[in-house]
Each structure stands twice: as structure tokens, then as C-alpha cells.
Amino acid sequence: MNFKLKNYLSGAIIVSLLILAFSAWSYVNFYGKSIQPSSFRSFSVSGEGKITAVPDVAKFDFGVVTEGGKDIAGLQKENTEKTNKAIGFVKSSGVEAKDIRTKNYNLSPRYKNFNCGNGAVVCPPPEIAGYSITQVIEVKVRDFGKIGDILSGVIQNGANSVSALSFKIDNPAQKESEARAAAIAEAREKAKAVAKAGGFKIGRLLSIEENAPPIFYRDFSVVGKGIPEAAPLPAPEIEPGSEEIIVNVFLRYEIQ
């Protein structure tokens, strides 16, 4: 009786130890995979998603440069009146106030230099002859049919500088999502092809990395400084073209 009981207890202990050892091994194996997932049993694939989109916003700057004597208040009044007239024209063309902002305001002195000939004992230092005031206004135009008329119209309404015309997609997030989905789909198809060629099965998705190159928009300079206000300015034809949004992804899979 005692002998059988001892054998039973010994067997139970051995089984318990085996179960405990297997549980410990399973835990260590699972934990090892979780902190360093299949470092020697994984592969990576890449995918590229490319979406062609037409820009829906045009941006440009117009400036009002006013030069004069030392009467700063008079210069400010003249410059403000010209700037407000140009802004009023832009608003009357259908551009909302939220799409118009003052980008720069600058008051700077203009100096008079003395040409001292040879033999002058003392040459007087440069003195202020007057001041220049520059205001730069940034405008967004969402109706491309009006861009040409607005570009030429601001010159007729007080501005004497127009530059930095560019086109952009106002909200690129949706297009980026479409490009990302296309890139992941391409990478998945590559993973299937690699697994088939290599004779193994695809396991868990271990990581996703994304690389989205910046979107470059064309920049145009339309009209330079010094254009007479009375000069006739035909409206230029503006073509926004299209832009490409590209997203690259890298997927890492476990090999089974």
C-alpha cells in the first residue's frame, strides 16, 4: 500500500514538473517573440502608392511699395490707401476675407550718400533722405477662372508688385490616404509572391514603416516691381496642371 502510494506521488510530481517546465518554456518562447519578433525568421517588402491630383488652390503675393520724404504719416496714409484699394478689388472678385492676409509690413529709411572728392578734410556721414514703406499681402484663389483677372487687376488697383504664384492641394490628407492604401496593397501582393517563390507561409505583420516624399508645387513669378499703374495689363492665362502624391511603405512579416 505504501509502495503504491509512493509510486503514485512520484508520478504525480514528475508530471507536475513536466507541465511546469513546458509552461515555462512556452512563456519564455512567447515573450522572446514579443520583444524580438522573429528576428531571424522574417522578411520585408515595399510598396509605392501614387495618386495624381489637380491643385485646387492658387496662392500669390502682391505688394505695395511707397517711397517718399520724411513725412512718415503721409507715406503710411498713401500706402494704406493703395493697399486697401487692392484688397477691396480682390474681395470684390469673390475672394473671401479668410483667404487674404498681411504677410509683411516694413518701414525702412533711404539714405543719401555724399560723394566727397579727393582733398576733403571731413566727409559728412550718410543722412536719411526719406522712407520707404512696403506691404505684402498673400491671397488664396479657389476659383481658377478668376486668377488671371485678379493678377492683372491688383496692379490696376494700387499694387506695384505681384509674385510667388504657386498651386497647391488645400487638403492633401485624403489623397495621401488613397496613396497609402495603394502602397500597402502593392506591398501585400509582393509579400504573397515572395512567400510563394520561397516556399513558406506568411505569418504576422510585424511592422509598417512609411516614407512620404514632400510634394513640390510649381512656383511662378508673374509680374515684377516698377510696373506703372496706368499700363494696360491683359489677364494672363493660368494653367494649374497636376501634382503627384507619392507614399512608400515597408511591411515586415513573420515567416512561418
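The values are calculated or read from the model by the stated rules, or taken from the named source; none is laboratory data. Quick caveat: nothing in here was measured; it's all calculated off a predicted structure.
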Within segment 122-136, does at least one residue satisfy the condition of being under 19 Å from residue 94 (Cα atoms), within 23 Å of the chain's Cα centre (by Cα) and part of a strand (DSSP E or B)? no
Extreme residue, farthest from residue 133 (Cα to Cα), among residues of segment 156-171 that are in a loop (DSSP other than H, G, I, E, B) and modelled with pLDDT of 85 or more: 169
